[in-house]
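This report concerns only the one structure given below.
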Amino acid sequence: MKLRENTSLLILPAMKLLLDENIPQKANARFQGHEVFTVEQMGWKGKENGELLKLMVQEGFNAFVTLDKNLKYQQNLSKYPVIVFLLKASNNKPATIQPLLNKVQEKLSSVLKPQILEVD
């Protein structure tokens, strides 16, 4: 019996990601095939989490990458149609963060629904 190879590919649309201000700019946060912005680039530095999430929805963001471990306790994330990637890191040094950002990039290749995903 000969198996036929499935050559059809699932092409996922590019996602619009926001990197929180606690993600160091020196971290290589280039997510191939996706639009990536920082809180600072958007002019949202210093915004409270609730306001930040509302702005993200208004501006069409799909995902938020943060180190803020308290976010899931401070906000009702189920009311926002975004994916939150919570990086579980001991510090925010680029050498610590980069492997976690690589894992986020890998997860973006999957079909994801709005949720909070802890990345360690």
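Derivation of every value follows stated rules applied to the coordinates shown; laboratory data play no part. Quick caveat, the model's predicted, so the values are computed rather than measured. Don't worry about glycine lacking a Cβ; one is built from the backbone with ideal geometry, like all the others, and counts go over all protein chains shown.
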Computed curve, the chain, Cα-only Debye sum without solvent term, log₁₀ I(q)/I(0) at 0.13 Å⁻¹, is -0.50
Rounded to 0.05, the calculated FRET efficiency for the beta carbons of R30 and N70 at R₀ = 30 Å is 0.65
Taking 63-74, 92-103 and ranking on average Cβ neighbours within 10 Å, highest first, one gets 63-74, 92-103
Under the 7 Å Cα-to-Cβ spin-label approximation, F37 and Q115 lie apart by a distance in nanometres of 2.7
Once both label points are put 7 Å beyond Cα along the C-beta direction, the K79-K103 separation in nm becomes 3.0
Ordered by number, the GluC sites (Glu not before Pro) in the stretch 15-120 that occupy a DSSP loop and have at most 16 other Cβ atoms within 10 Å are E40, E48, E59
Dividing the mean separation of Cα pairs under 8 Å (6+ apart) by the residue count of the chain yields a relative contact order in percent of 28
